[in-house]
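Engineer: Handing you a structure now.
No value in this document is a laboratory result; all are computed from the given coordinates. Everything numeric in this text was worked out from a predicted model, so none of it was measured. As a convention, Cβ positions derive from the backbone with ideal geometry for all residues, glycine included, and neighbour counts pool all protein chains shown.
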Amino acid sequence: MDILRTGIHYGLHFVFPIFIALRWKGERFLKVYFILMATMLVDLDHLLAVPMFDPCRCSIGFHPLHTWPAIVAYILMLFFKSTRIWGVGLVLHMITDGQDCWWPCH
Ligand SMILES: [Zn+2]
């Protein structure tokens, strides 16, 4: 079960964005993929938590950049062309972290 959960988590974080970025060709593909990976920086808020990493903790609603006001801001970013790709990466990140909360943990 844990290996499935971990596989889905990191698949959504690193592999799924490849398929999103494939909508763009050549250099644009790399730029979009880089932006999608850069949205992972929201996990810097884990540095504020004690303990920093807890596999059974639900990130959503716990870490400051994973709270609902932040998530609303990420959704709003989808509506503006200049922030859309960042918004896609951030919303996908929240979905990825959110689906973790539904798995049983020990
Ligand atoms: Zn996260």
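Engineer: Quick one: helix 68-77 against the long Cα principal axis of the chain, what's the angle to the nearest 10°, folded into 0 to 90?
Structural biologist: So the inclination is approximately 10 degrees.
Engineer: Say the dipole of the chain comes from +1 at the beta carbon of Lys and Arg and -1 at that of Asp and Glu; which of F79, M94, L44 then lies farthest toward its positive end?
Structural biologist: So the residue we want is F79.
Engineer: Okay, next question. About the Cα centre, and with charges only on the beta carbon of Lys, Arg (+1) and Asp, Glu (-1), how big is the dipole of segment 2-100? Nearest 20 debye, please.
Structural biologist: Using only the charged Cβ atoms, the result is roughly 580 debye.
Engineer: What does the charge count near Y10 come to, summing +1 for each Lys or Arg and -1 for each Asp or Glu among other residues with Cβ under 14 Å from its Cβ?
Structural biologist: With Lys, Arg at +1 and Asp, Glu at -1, the neighbours total -3.
Engineer: Can you give the calculated 222 nm mean residue ellipticity of the chain, where each DSSP H run of n ≥ 4 adds -39,500 (n - 2.57) and the sum is split over every residue, rounded to the nearest 500 deg cm²/dmol?
Structural biologist: Only helices count here, giving -15500 deg cm²/dmol.
Engineer: Please report the equivalent ellipsoid semi-axes of the chain, computed as sqrt(5 x eigenvalue) of the Cα gyration tensor, largest first, in whole Å. Working shown, then result.
Structural biologist: On the way: eigenvalues 120, 58, 25 Å².
The equivalent ellipsoid of the chain has semi-axes of 25, 17, 11 Å.
Engineer: With θ set to phi - 60°, apply the Karplus curve 6.51 cos²θ - 1.76 cosθ + 1.60 along segment 16-33 and write out the HN-Hα couplings as whole Hz, x wherever there is a Gly or Pro.
Structural biologist: Residue by residue, segment 16-33 yields 4, x, 4, 5, 5, 5, 4, 5, 10, 10, x, 4, 4, 4, 5, 4, 5, 4 Hz.
Engineer: Also, I was wondering about something else. Relative contact order (percent) for segment 2-100, with alpha-carbon contacts under 8 angstrom and 6 or more residues of separation?
Structural biologist: RCO, segment 2-100: 32 percent.
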